[in-house]
1. If you take each beta carbon of peptide B:99-106 and count the beta carbons of other chains within 10 angstrom, what is the mean?
2. Measure out, as a whole number of angstrom, how far apart the alpha-carbon centroids of segment B:65-87 and segment B:1-31 sit.
3. If the viscosity is 1.567 mPa s and the temperature 4 °C, what translational diffusion coefficient in µm²/s does Stokes-Einstein give for segment A:1-127 when Rh comes from Kirkwood over Cα pairs?
4. Taking the alpha-carbon distance from B:Lys110 and a cut-off under 16 Å, which aspartates and glutamates remain once sequence neighbours fewer than 8 residues away in the same chain are dropped?
5. Within chain B, what's the longest stretch lacking chymotrypsin sites (Phe, Trp or Tyr not before Pro) that sit in DSSP loops with no more than 16 other Cβ atoms inside 10 Å?
6. Could you quickly flag the chain A residue whose beta carbon comes closest to the rotation axis taking A to B, and that distance in whole angstrom?
7. Given the DSSP H assignment, sum -39500 (n - 2.57) over each helix run of at least 4 residues in chain B and divide by its residue total; what's the result at 222 nm in deg cm²/dmol, nearest 500?
8. Assuming 0.36 nm per residue, please report the length gained on full extension of the stretch B:Leu12 to B:Ala120 beyond their Cα-Cα distance.
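Each value in this text was obtained by applying a stated rule to the coordinates, not by laboratory testing. These numbers come from a predicted model, not from an experiment. Glycine gets a Cβ as well: all are built from the backbone with ideal geometry, and neighbour counts include every protein chain shown.
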Number of protein chains: 2
Amino acid sequence: MTYSIGDVAKKLNLTVYTLRYYDKEGLMPFVERTNGGKRVFKESDVELLNVIECLKSSGMPIKDIRNFIEWLSEGDSTLQQRYDMFVERKSAVEKQMEELQKTMDLIEHKCWYYQTALDAGTEDVHKSDKIGSGVFN
Amino acid sequence: MTYSIGDVAKKLNLTVYTLRYYDKEGLMPFVERTNGGKRVFKESDVELLNVIECLKSSGMPIKDIRNFIEWLSEGDSTLQQRYDMFVERKSAVEKQMEELQKTMDLIEHKCWYYQTALDAGTEDVHKSDKIGSGVFN
DNA sequence: TTATTCCCTAGAGTTGACTCAAGGTCAAGT
DNA sequence: ACTTGACCTTGAGTCAACTCTAGGGAATAA
């Protein structure tokens, strides 16, 4: 089973523009073409695009993702680099998770803050907090 | 206690350029000035900048953050909007957490994949996986 | 056979969020 | 007095990651 660029765009929720851009940036050296020059995506190409999306979500810029793609072409001699890269990505994502949890903590506090203000009809119910410990702001 | 723009930049790990940019974009209407025109940040300004950073981390664009800042100036009449905004942010962050967990799952799988490949000295140990269920790829 | 709907390339334009350069003010130290 | 360093404004520049336009090709449905 193969896919057109439009099929893949739908599957991965990207635009065809984005996919062509990725190709231009060297992220899709394994995608073959028809006689007429149309891209033909194999299952393995879609899987690799999934990994690319994963690396992007981990905060990796496209330039760095291209290095990884190049390592793939170089075979077993780059196994160590690729391993190291994923280990490094893992700790980057762990850090992001911590940050996101802090963000969540503050947002949940604000939900409570505005819920109680709405109940009271005015934000003034929190006025005294500003003199207090600061914990409840 | 008050702070100069440089103090605040250090405190929040931003550049003074960024802070001036935020000001230009309308995120800092409450910051006062000296006779000479220098910005003077109060504790409450720093706290608001913390909330701004939190909203940014939640994926909110600066334009939308400005709306929130405007609501602050409008007092109790915008309590509902502000509450709704934080509730919406909360679900946005929940979604991000889920996405990040999926990213982590794939990255951890890749760590395992490359660890075993390194142990074997070749990626070929995973060759059969491609014919299998796909679970171990 | 003609219209529609994909697909293609090269290259220009857009967006968001900074980031900096130029030219100037002001207060503190020497 | 003068130099240093931190501050100011306006406006231009940068960067990543798209996003689109123009101009064209091929296949397929009416």
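1. Neighbouring Cβ atoms belonging to other protein chains average 6 per residue here.
2. Here the two parts' Cα centres lie 21 Å apart.
3. 73
4. List returned: A:Glu47, A:Glu53, A:Asp76, A:Asp84, A:Glu88, A:Glu94, B:Asp119, B:Glu123, B:Asp124, B:Asp129.
5. On the way: sites that count: B:Phe30, B:Phe136.
With a cap of 16 other Cβ atoms within 10 Å, the longest stretch comes to B:31-135.
6. For chain A, the closest residue to the axis carrying it onto B is A:Leu100, 3.
7. Theoretical 222 nm ellipticity from helices: -21000 deg cm²/dmol.
8. Numbers: separation 108, 0.36 × 108 = 38.88 nm, distance 4.69 nm.
Full extension of this stretch gives 34.2 nm more.
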